[in-house]
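Accompanying notes for the structure given below.
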Amino acid sequence: MAARPKNGHQYLSVKDLEDVLDTCKLELTQIDEVWPNLYIGNVTIAQNRTALQKLGITHILNAAHSKQGSIGDQRFYGHTIVYCGIPADDSTHFDLNIYFRPAADFIHKALKQTDGKVLVHCIMGMSRSSTLVLAYLMMYHQLPLYNAIQKVIQKRAIYPNRNFLALLLDLDLQLNRKQRTCLLL
């Protein structure tokens, strides 16, 4: 397993991150709260309006919008839930990082609202959705990627694909560089 980085920063590889993800012993469930009022789930729970109402979900970020098996749009949820769809592919070539900022902003804005609760989902709730949640934690809570993964896997079994892990590593380096620059000013 990769050595724990000092202050959460060290040059990590995709393999190092996969080793950390492999330490998670949780079973994959339909939905888990991974941060206060922030949930990761699968398409089945996202399509269960009764369950969402019981949980008090106010916002849905669908990371598999318009993909086969992922029904969802504002009409489906009516006026009770704010919907945002991202048409992401869980593939080795999809450029998910173009959605990191809009997704993080959507989550942040939703969680700032009184009683705001956000479900981020894809088909299984393992790769696309978890990648967007990790990016949010990095961007809005200044968690280094390693620490963000450690936090999330305490609550949910996740496994972003290798491409998404590489994009998150790039984001981690950008944010770390930006943080160091700000400290020098």
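The values are calculated or read from the model by the stated rules, or taken from the named source; none is laboratory data. Note that the coordinates shown come from a computational prediction; the quantities given were computed from them, not determined experimentally. With ideal geometry, Cβ positions are generated from the backbone for all residues, glycine too; neighbour counts draw on all protein chains shown.
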Of the residues that sit in the range 49-66 and are part of a loop (DSSP other than H, G, I, E, B) and among the hydroxyl-bearing types (Ser, Thr, Tyr), which one is modelled with the lowest pLDDT?
-> 66
Under 7 Å by Cβ, and 6 or more places apart or on different chains, what pairs join a residue from the range 14-31 that is over 25 Å from residue 172 (Cα atoms) with one that is modelled with pLDDT under 95 and surrounded by 12 or more Cβ atoms within 10 Å (Cβ to Cβ)?
-> 30/44
Filter the range 70-93 for residues that are at pLDDT below 85 and crowded, with 18+ Cβ neighbours inside 10 Å; which is nearest to residue 41 (Cα to Cα)?
-> 70
Is it true that some residue in the range 132-150 is touching an Asp or Glu at 6+ places or on another chain (Cβ under 7 Å), at negative phi and buried (at least 21 other Cβ atoms within 10 Å of the Cβ)?
-> yes
So which residues in the range 107-132 are within 17 Å of residue 52 (Cβ to Cβ), among the aliphatic types (A, V, I, L, M) and in a helix (DSSP H, G or I), if there are any at all?
-> 107, 110, 111
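Can you work out which of the residues in the range 94-126 that are among the charged types (D, E, K, R), in contact (Cβ under 8 Å) with a residue 12 or more places away in the chain and on the phi < 0 side of the Ramachandran plot is surrounded by the most Cβ atoms within 10 Å (Cβ to Cβ)?
Out of the qualifying residues, it is 117.
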